[in-house]
Each structure stands twice: as C-alpha cells, then as structure tokens.
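The values are calculated or read from the model by the stated rules, or taken from the named source; none is laboratory data. Quick caveat, the model's predicted, so the values are computed rather than measured. So basically every Cβ, Gly included, is an ideal-geometry build from the backbone, and we count neighbours across all protein chains shown. The protein model used for the area step is the full one, side chains on, heavy atoms only, and it has no ligands, DNA or RNA in it. Shrake-Rupley method; radii C 1.70, N 1.55, O 1.52, S 1.80 Å.
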Amino acid sequence: MTLHLILKFPVDYSIAGGTTDTITEHKQLCEAKNRLIWGQGSQRTSEGVSDKNKRKLIDQISNGVNTYTLFLANNKGNRELYVGKMTNIYGRGKIPIGSPLTQFIPNYYASTVGTATDQNNVFVDVCTFFRVDDKYIGDITLEKNGDRVIDVRNSSSIFFVNITEDLEKLLIEMLTNPESNFQYQVEQEVVPDAVTVADKPKSKPFKTSGSGTSSYKRDPKTSKTAIVTAKFKCEIDDTHEEFISRVTGKNYVEAHHLIPMEYQDDYTNRIDVEANIVSLCVCCHKKLHHGTSAIIKPIIEKLYDDRKGRLKDCDIELTKTKLFSYYD
C-alpha cells in the first residue's frame, strides 16, 4: 500500500513570550506561494523519519504516486485534519541557514531553521494545504499494524500511515477539481449565525503565482460569511432546498462570485467581498456556469438588481451591460 505521513501538533504554538496560530500561519503562506514547507518540531535530537522511509516516500513521489502529509491538529481539544500533497521531504538540519527554501516556511520560525536552536527533526514540502472533514480521521491507519490513528495513545507526533479508498477518492477529487475543493473548504469554515457584514471598500489583494501562472485567491471564510448572511438560502429562489449538508446541518448552497475573480484587474478595489458573493443552490450555480445566454440573462439581471447598491458601497462600479459581458 502507499505510504503516507501524519503529523500531530497543537494549533497554538508558544514562541517569543506569546502564541501563534500554526494553521493560519501555514495556510496563508501556502495560499500566497502555492507551496509550503512544514517543520515538525521535537525535543528529540534524532531524525523524525528514517532514511529508509524518506527514500520510500521520495520514490513514490518520483513515480507519480499521490503521497500525502496529513496534519492532525489539536485545536483547544478539538481535532482538525488538514492535507498536503507531498513533493519532497528533508531530514533534520538539511535546510541550511539562508537557504532559498526558507521563503516557504512561516516567518515565526523560519529564522531559526539551520541554526543551533532549530528543533525541527523533519520538514515536509507540500503544494497544497486544505482541511477535510474530521470524520476522515478514522480512515487513517498505522502502516505497521493497521490500527486506526484515532485509537493510538502515543506521545510520538510522527506516524507512517495508510488511508482508505474513500479518503483517497476525496483527496483526488480535491486535487483535480479546484472548484469542488473551494466549495468544500467553504463548507468547513465556521462562521457564527449572528455575523454582521459591513459593506465597504477593501484593498485589491496580491496575485499568487504557481506553475507559471498567477491568479487571485478566493477566501473561503468570506464566501461562508456571505452564505450565512443569506441564511443558507438560494438567492435566486429561496424555496430551492435540495438537501441538508452533513457538515453544516443546513440547506446545502454554494458560493458564487457575481463578478468572477478572473476580472479582478478590471477593478481598483477587492471583489472578493460579501457584496459580490451570492448564495446559490447547486442547480442555479450550474446554470450560471453552463447554461445558454437565454437561461443566464434573467438570473444575472435579478442578482445585479439585488446587489448593485451593496457593490457601490464597496466602491465597485458595475453596469448591467458590463456584468453581462462577463458571462458571454
């Protein structure tokens, strides 16, 4: 079976007299650079992963086998599961001071890497970092004996594991379908029902680069906030209720950017804002992406009329004609 790695860690990390959120730090860096190097800290002076297992992981990667690092977080007593598709692995001390690789390590500990105070006994190089439903923790088993990681009571923070076919299918879907992955990440975000949104101008974000292209990232939390404020209703027809989401326990809807993110350069201010994000049932969402002009136009007209005031509050000037052109 394919070998994978799981790293256990606390979300709150103490450093320089304070604490930092390790998930936020690593996630933001990966979103900005489409690459992340995660250092797993340890008081032990030994290697976190043996040369034999490092070679096996690297051989899998070289042969095109999807190889994952699974990050099992302890967030104030709650377990959270994140996934990185592994592209390389480095042993203790293998990233020297001043290495260009440190640009892919969060600032809060990058300066210690390669120094005498570097406590990382393994580094994993990944090209993704996203959350999956915590129920899949039960789909991860120890490579050596098949025990479920969820049942292991062990002080170690590094384990070699296998994953079930169901989890493998989910991860392949997340890797091959960016839109599906984004909507899945929106589902995972936690936003209180009482959230309020103040529509105001926000600065245009920086583009992220990767694989020779650059693009503007969408923030899943902003999209989830828009969905919550819409009370999990389809904003084309609030009677559209297809099924209840297992994650939220609410009517399942998806986030759609009325002005698509690919047109961010047409605007001075950020368009990844709640005023530009509408909550849609799956059918209405598919219509906007795959329907004919005759189907799309009345939907766009309704959404434009509903949102033009809010967009103006965000200093996003949009005419109906311009919006139609985005969907031609």
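Summary of values
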{"read-out": "Qualifying position, being closer than 30 Å to residue 190 by Cα, touching an Asp or Glu at 6+ places or on another chain (Cβ under 6 Å) and among the polar types (S, T, N, Q), among 87, 141, 128, 112", "value": "87"}
{"read-out": "Which numbered condition residue 59 fails, given (1) crowded, with 17+ Cβ neighbours inside 10 Å; (2) at pLDDT 95 or above", "value": "(1)"}
{"read-out": "Positions within segment 171-193 being in contact (Cβ under 8 Å) with a residue 60 or more places away in the chain, in contact with a strand residue (DSSP E or B) (Cβ under 7 Å, 6 or more places away or on another chain) and open to solvent by 20 Å² or more (accessible area, probe 1.4 Å), in sequence order", "value": "175"}
{"read-out": "Qualifying residues in segment 156-169 (those that are in a strand (DSSP E or B) and either among the hydroxyl-bearing types (Ser, Thr, Tyr) or open to solvent by less than 30 Å² (accessible area, probe 1.4 Å) (or both)) - the one nearest to residue 39 (Cα to Cα)", "value": "158"}
{"read-out": "Selected residue [under 23 Å from residue 164 (Cα atoms) and within 25 Å of the chain's Cα centre (by Cα)] from 85, 27, 56", "value": "85"}
{"read-out": "Residue count for segment 255-277, restricted to those that are farther than 11 Å from residue 216 by Cβ, open to solvent by less than 10 Å² (accessible area, probe 1.4 Å) and either assigned to a helix (DSSP H, G or I) or at pLDDT below 95 (or both)", "value": "2"}
{"read-out": "In segment 116-155, residue surrounded by the fewest Cβ atoms within 10 Å (Cβ to Cβ) [restricted to those that are among the polar types (S, T, N, Q) and touching a residue at least 60 places away in the same chain (Cβ under 8 Å)]", "value": "119"}
{"read-out": "Counted residues, segment 67-80 - those being surrounded by 15 or more Cβ atoms within 10 Å (Cβ to Cβ) and of a type outside the set (Ser, Thr, Tyr)", "value": "5"}
{"read-out": "Hey, residue 118 out of contact with any helix residue (DSSP H, G or I) (no Cβ under 7 Å at 6 or more places or on another chain), acidic (Asp, Glu) and under 20 Å from residue 3 (Cα atoms) or not", "value": "no"}
{"read-out": "Residue 280 being surrounded by 15 or more Cβ atoms within 10 Å (Cβ to Cβ) and under 19 Å from residue 189 (Cα atoms)", "value": "yes"}
{"read-out": "Segment 109-162, subset farther than 17 Å from residue 84 by Cα and aliphatic (A, V, I, L, M), residue modelled with the lowest pLDDT", "value": "152"}
{"read-out": "Residue, farthest from the chain's Cα centre (by Cα), within segment 101-112, restricted to residues that are touching a residue at least 24 places away in the same chain (Cβ under 8 Å) and open to solvent by less than 20 Å² (accessible area, probe 1.4 Å)", "value": "109"}
{"read-out": "Residue match in segment 285-294 (condition: without any contact (Cβ under 8 Å) to a residue 40 or more places away in the chain, surrounded by 14 or more Cβ atoms within 10 Å (Cβ to Cβ) and in contact with a Leu (Cβ under 7 Å, 6 or more places away or on another chain))", "value": "no"}
{"read-out": "Output for segment 81-100, where each listed residue is in contact with a Phe, Trp or Tyr (Cβ under 9 Å, 6 or more places away or on another chain), of a type in the set (A, V, I, L, M) and either at pLDDT below 90 or open to solvent by 40 Å² or more (accessible area, probe 1.4 Å) (or both)", "value": "none"}
{"read-out": "Of the criteria (1) under 20 Å from residue 193 (Cβ atoms); (2) in a loop (DSSP other than H, G, I, E, B), which one residue 242 fails", "value": "(1)"}
{"read-out": "Breaking point among (1) open to solvent by less than 70 Å² (accessible area, probe 1.4 Å); (2) of a type outside the set (Val, Ile, Thr); (3) at positive phi; (4) modelled with pLDDT under 90, for residue 249", "value": "(4)"}
{"read-out": "Only listed residue being open to solvent by 80 Å² or more (accessible area, probe 1.4 Å) and under 17 Å from the mean Cα position of the chain (by Cα), chosen from 224, 217, 231, 200", "value": "217"}
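Yes/no per residue for (1) in contact with a Ser or Thr (Cβ under 9 Å, 6 or more places away or on another chain); (2) assigned to a strand (DSSP E or B); (3) free of Cβ contacts under 8 Å to residues at least 60 places away in the same chain; (4) not aromatic (Phe, Trp, Tyr):
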site: 20; (1), (2), (3), (4): yes, yes, no, yes
site: 27; (1), (2), (3), (4): no, no, no, yes
site: 53; (1), (2), (3), (4): no, no, no, yes
site: 83; (1), (2), (3), (4): yes, yes, no, yes
site: 89; (1), (2), (3), (4): yes, yes, no, yes
site: 114; (1), (2), (3), (4): yes, no, yes, yes
